[in-house]
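Here is the structure we will look at, set down as structure tokens.
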Amino acid sequence: MDKLKIDIEEHFVPKFALIGYSKTSNDYQTNHYISYHKIIGESLTAGMPLTIETARNLLRCLEVDLVKFSFKGILPKNLIHFDFKESLRLLWIVHPKQHNLFFDTKTGIKSGFYPLPKLVFSLNGNTLQVFALKRNTDLNESTKLYHAPLLNINLQGGVCMGNVSIDYEGFEFYEDIMGFIEKQFFNSVFTESHHNKLVKGNFVEVINNLNGKQRFDDALLIHSNLILKQLYEK
């Protein structure tokens with residue numbers, strides 16, 4: 001049998017290699033060094049320091065992987081913060097309105113249309129946090145966050161989505177990710193409380209009394225002891 005031949009034009013050919021070194025000195029400080037080696041034939045050449053220009057060229061090659069998403073145009077007015085370091089982080093406002101909410105029958109709450117306050121959605125990788133804001137509050141880094149008056153959310157705002165997927169890897173634009181996360185959240189089934197500071201008063205009675213109403217009473221909200229900047233300065 002003939003040996004499998006590799007067509008160089010159809011495959012990546014190794015041209016260089018990077019080797020990282022570390023050294024711990026007597027004062028327990030660790031220093032790092034990266035050397036750049038060309039590959040000639042099947043051998044590495046002598047290493048040389050990795051230059052800034054070479055590093056920039058490498059980042060350009062990786063740009064497609066590092067910058068996975070973009071905005072469609074002008075930044076959305078409800079966007080508070082975004083970055084993409086180790087993982088995607090998005091922070092945005094969901095304005096107060098009626099939502100069609102689904103409750104498990106064991107909660108004693110009837111599924112239907114309920115008004116909700118202004119909400120803050122914080123997406124960090126595949127972790128979602130949801131908090132509430134007072135309707136007329138001006139946004140700044142010290143804006144107080146309130147507990148979202150909804151089930152399936154813990155004291156730190158973390159949302160338990162159960163088996164509902166929030167996998168957004170197939171999306172291209174941040175706006176579509178935000179819309180998808182909202183849809184998945186509001187279309188999920190709310191099943192149980194994770195703390196007792198959801199609202200002032202009995203949660204089941206309060207929510208049932210809001211069924212069909214147009215506006216959520218912000219006086220029912222309970223402060224979470226967190227402020228806005230703590231969501232994006234972690």
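Here are the numbers for the structure shown:
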read-out	value
Those residues of the stretch 89-105 which are in a strand (DSSP E or B) and of a type in the set (Val, Ile, Thr), in sequence order	93, 94
Residue within the stretch 182-199 that is without any contact (Cβ under 8 Å) to a residue 12 or more places away in the chain and under 20 Å from residue 76 (Cα atoms) present	yes
Qualifying residue in the stretch 41-53 (condition: outside the structural domain of residue 141 (by TED's automatic domain parsing), at positive phi and modelled with pLDDT under 80)	yes
So residue 198, is it in a loop (DSSP other than H, G, I, E, B), hydrophobic (A, V, I, L, M, F, W, C) and on the phi < 0 side of the Ramachandran plot	yes
Qualifying residue in the stretch 150-162 (condition: at negative phi, out of contact with any His (no Cβ under 9 Å at 6 or more places or on another chain) and free of Cβ contacts under 8 Å to residues at least 24 places away in the same chain)	no
Hey, residue 84 modelled with pLDDT of 85 or more and in the same structural domain as residue 124 (by TED's automatic domain parsing) or not	no
Subset tally (residues that are in a strand (DSSP E or B) and surrounded by 16 or more Cβ atoms within 10 Å (Cβ to Cβ)) for the stretch 114-143	16
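The values are calculated or read from the model by the stated rules, or taken from the named source; none is laboratory data. Since this is a predicted model, take the numbers as computed values, not measurements. Backbone-built Cβ (ideal geometry, glycine too); neighbour counts: all protein chains shown.
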